[in-house]
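Read through the structure below, which is laid out as structure tokens, and then see the notes.
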Amino acid sequence: MVIHPERVGLVRTRELLARDMGMAMGTFRNRKPYTQPGFPRPVSSEGARVMLWDGGQTDAYLAGEPVPELPEPGGDGDLLDRQEAAAELGVAPRTWDGYKTDPRIAEHLVVVCGVEHWPRRVVREFRDARPGKQGATGRPRGSTNVLPRGQAHDQVSVLLAARPAITIAEVRDALGIAPATAQRTLAQVRGERIAELMDTEPGLSFTAAADRLGYPPAVRRAARGAAQTVRGRA
């Protein structure tokens, strides 16, 4: 299920549902009335941390009236949450976390009851235009990078800012670049960020800076050389 753009004002959270039912939040959590047969399905994705419902449906259910059908999903205006947007692209939600910072997506962010959503049209347009969209299923041996080197550095910087522990495979799939380029660029950008932090805070060790930035221990060896090079030029 997704949220229809014309029904955003009707969306209900657990807290709003508890209020509508005249029920204390603790009681609501214990009873989980939304699990009862016939209760309207959530309009949030399956497994979402914040569950959301359509208030028009829940109001009808609580009044003992027929629950109205929602508009058929699939329209360009449908609002997709993190899991739904990732599914639309055929990527993992954590990969979407990197994509959503792209200006083509970020400026269309719609927050519904504290949950980030994006119009399906925006997600589809990004899917059709994103570099290397055909490279996610595997790059032919000897294929070249879709992005020029300078652009790869900038795009990796965006992805890394969103997910410090992003992997080489995720960068490769997101940007359509060769694994070797993804590995080299990740190490370079991580090294630059570590060097910048160490210069900002004299006395901070390489390990402490990497910890602060959230870089996993396994990737630090590759970043160390880049950090030393950057600091040596200062």
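The table below lists the values:
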item: For the stretch 2-22 and the stretch 63-129, distance of Cα centres in Å; result: 17 Å
item: Gained length - Glu116 relative to Ala24, 0.36 nm times residue gap less alpha-carbon distance; result: 30.5 nm
item: Net dipole in debye of the chain [+1 Lys, Arg Cβ; -1 Asp, Glu Cβ; about Cα centre; nearest 20]; result: 1240 debye
item: Residue of Val50, Val11, Val122 that the Gaussian network model of the chain assigns the largest fluctuation, springs spanning Cα pairs under 10 Å; result: Val50
item: For the stretch 160-234: accessible area per residue (Å², 1.4 Å); result: 49 Å²
item: Interchain or long-range residues, amide H under 5 Å from Leu52's placed H; result: Val43, Ser44
item: Inter-site label distance for Leu204 and Asp154 at 7 Å from Cα along Cβ, in nm; result: 2.6 nm
item: Selected from Pro93, Leu16, Gln228, residue furthest toward positive end of dipole (the chain; charges at beta carbon); result: Gln228
item: Dipole magnitude of the stretch 180-221 about its Cα centre (Cβ charges: Lys, Arg +1; Asp, Glu -1), debye to nearest 20; result: 260 debye
item: Distant-in-sequence amide H partners of Leu80 (H built 1.01 Å from N, under 5 Å); result: Trp118, Arg120
item: Estimated distance in nm for a label pair at Ala60 and Leu213, the labels positioned 7 Å out from Cα along Cα-to-Cβ; result: 5.4 nm
item: Phi-based couplings in Hz for the stretch 176-193 (Karplus 6.51, -1.76, 1.60; Gly and Pro marked x); result: x, 10, 5, x, 5, 5, 4, 5, 5, 6, 4, 4, 5, 5, 4, x, 5, 5
item: Accessible carbon and sulfur surface of the chain relative to its total accessible area, %, 1.4 Å; result: 51 percent
item: Sparse-neighbour loop sites [trypsin sites (Lys or Arg not before Pro); the stretch 8-116; at most 13 other C-beta within 10 Å; DSSP]; result: Arg49
item: Whole-Hz ³J(HN,Hα) from phi, Karplus 6.51 cos²θ - 1.76 cosθ + 1.60, for the stretch 42-52, glycine and proline x; result: x, 9, 8, 6, 4, x, 4, 5, 9, 7, 10
item: For the stretch 9-103, convex hull of alpha carbons as volume per residue, Å³; result: 134 Å³
item: Amide H within-cut-off set for Val11, under 5 Å, with H built and near neighbours excluded; result: Gly55
item: Label assignment, Cα Rg over 2.2 N^0.38 Å derived from the structure, set [x] 1.29; [y] 0.94; [z] 1.41; result: [x]
item: Residue-wise HN-Hα coupling along the stretch 151-165, computed from phi with Karplus coefficients 6.51, -1.76, 1.60 (Hz; x: Gly, Pro); result: 5, 4, 4, 5, 5, 5, 4, 5, 5, 5, 5, 7, 9, x, 9
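The values are calculated or read from the model by the stated rules, or taken from the named source; none is laboratory data. All values derive from a computational prediction rather than experimental measurement. Using ideal geometry, Cβ is built from the backbone for each residue, glycine included, and neighbour counts are taken over all protein chains shown. We work out accessible area using only protein heavy atoms, side chains counted, and drop any ligands, DNA or RNA first. Shrake-Rupley method; radii C 1.70, N 1.55, O 1.52, S 1.80 Å.
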